[in-house]
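Below is one structure, written out as C-alpha cells, with a few remarks after it.
The values are calculated or read from the model by the stated rules, or taken from the named source; none is laboratory data. This is a predicted model, so every value here is computed, not measured. Virtual Cβ from ideal backbone geometry, glycine too; neighbours counted across all protein chains shown. Accessible surface is based on the protein model in full, side chains and every heavy atom, while ligands, DNA and RNA are left aside. Shrake-Rupley method; radii C 1.70, N 1.55, O 1.52, S 1.80 Å.
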Amino acid sequence: QVQLVESGGGLVQAGGSLRLSCAASGSIFSIVSMGWYRQPPRKQRELVATITRGGSTNYSDSMKGRVTISRDNAKNTAYLEMNSLRPEDTAVYYCNAITWSTNNYWGQGTQVTVSS
C-alpha cells in the first residue's frame, strides 16, 4: 500500500505561481512513477505531468511550458511547480503513484483556484 498526501494548493492571482508537494509513504520502494493530474469543475480528470523514479518526465499539452515536475527520492516527495497560472487552471490537483505491480494510488487532492 502507498499513501499520498498533497499540499501547497490555494488561491492565487492570474500570472502567479504555486508549488504543490506530494509526500509518499508506505511501500515507497515499489513506486516506479509519480504524477500529477487535475480535475477542473464539471470536467474529467486529466494528466498534467509524470516522472519516473529515474527522472524521466512527461507533460501534457495543457500546461506544458508552465509546469515542472520533480521528485526527491530521499524525501519520497514529488513536486509540481506551476507558473503563469490562468483562471482555467482552477482545479483539484491529485497526486498519483504507480507501482511495479501496476497498482494505482491517489492522494486526496488539493484545490488550486486562480482568480482573474
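Only a single item in (1) crowded, with 21+ Cβ neighbours inside 10 Å; (2) closer than 15 Å to VAL112 by Cα is not met by ALA78, and it is number (2). Would you please list the contacts, defined by Cβ atoms under 9 Å and residues six or more apart or on different chains, that run from a residue in the range 50-66 that is without any contact (Cβ under 8 Å) to a residue 24 or more places away in the chain and farther than 12 Å from GLY35 by Cα to a residue that is open to solvent by 50 Å² or more (accessible area, probe 1.4 Å) and basic (Lys, Arg)? Here the result reads ARG66/ARG86, each pair linking the range 50-66 to a residue that is open to solvent by 50 Å² or more (accessible area, probe 1.4 Å) and basic (Lys, Arg).
Here are some conditions: (1) in contact with a Ser or Thr (Cβ under 7 Å, 6 or more places away or on another chain); (2) within 17 Å of THR113 (Cα to Cα); (3) open to solvent by 50 Å² or more (accessible area, probe 1.4 Å). ASN58 meets all but one. Which one does it not meet? ASN58 satisfies every listed condition except (2). Answer yes or no as to whether TRP106 is more than 21 Å from GLN13 (Cα to Cα), modelled with pLDDT of 95 or more and surrounded by fewer than 20 Cβ atoms within 10 Å (Cβ to Cβ). Against the criterion (more than 21 Å from GLN13 (Cα to Cα), modelled with pLDDT of 95 or more and surrounded by fewer than 20 Cβ atoms within 10 Å (Cβ to Cβ)), TRP106 qualifies.
Of all residues in the range 37-59, those satisfying the criterion of being within 16 Å of THR77 (Cα to Cα) and touching a Phe, Trp or Tyr at 6+ places or on another chain (Cβ under 6 Å) are TYR37, ALA49. The combined condition, being surrounded by fewer than 19 Cβ atoms within 10 Å (Cβ to Cβ) and at positive phi, is not fulfilled by SER116.
If the condition is being crowded, with 20+ Cβ neighbours inside 10 Å and among the hydrophobic types (A, V, I, L, M, F, W, C), then the range 81-103 contributes MET82, LEU85, ALA91, CYS95, ALA97. A Cβ distance below 6 Å, combined with a sequence gap of six or more or placement on separate chains, defines the contacts here; from the range 81-96, residues that are within 30 Å of SER30 (Cα to Cα) reach residues that are among the small types (Gly, Ala, Ser) in the pairs VAL92/GLY109; TYR94/GLY107; TYR94/GLY109; CYS95/GLY107; ASN96/GLY35. For the range 18-35, a residue qualifies if it is in contact (Cβ under 8 Å) with a residue 60 or more places away in the chain and in contact with a Ser or Thr (Cβ under 8 Å, 6 or more places away or on another chain), and the qualifying residues are LEU20, CYS22, ALA24, SER27, SER30, ILE31, VAL32, SER33, MET34, GLY35. Scanning the range 61-86 for residues that are at pLDDT below 95 and among the small types (Gly, Ala, Ser) yields a total of 3.
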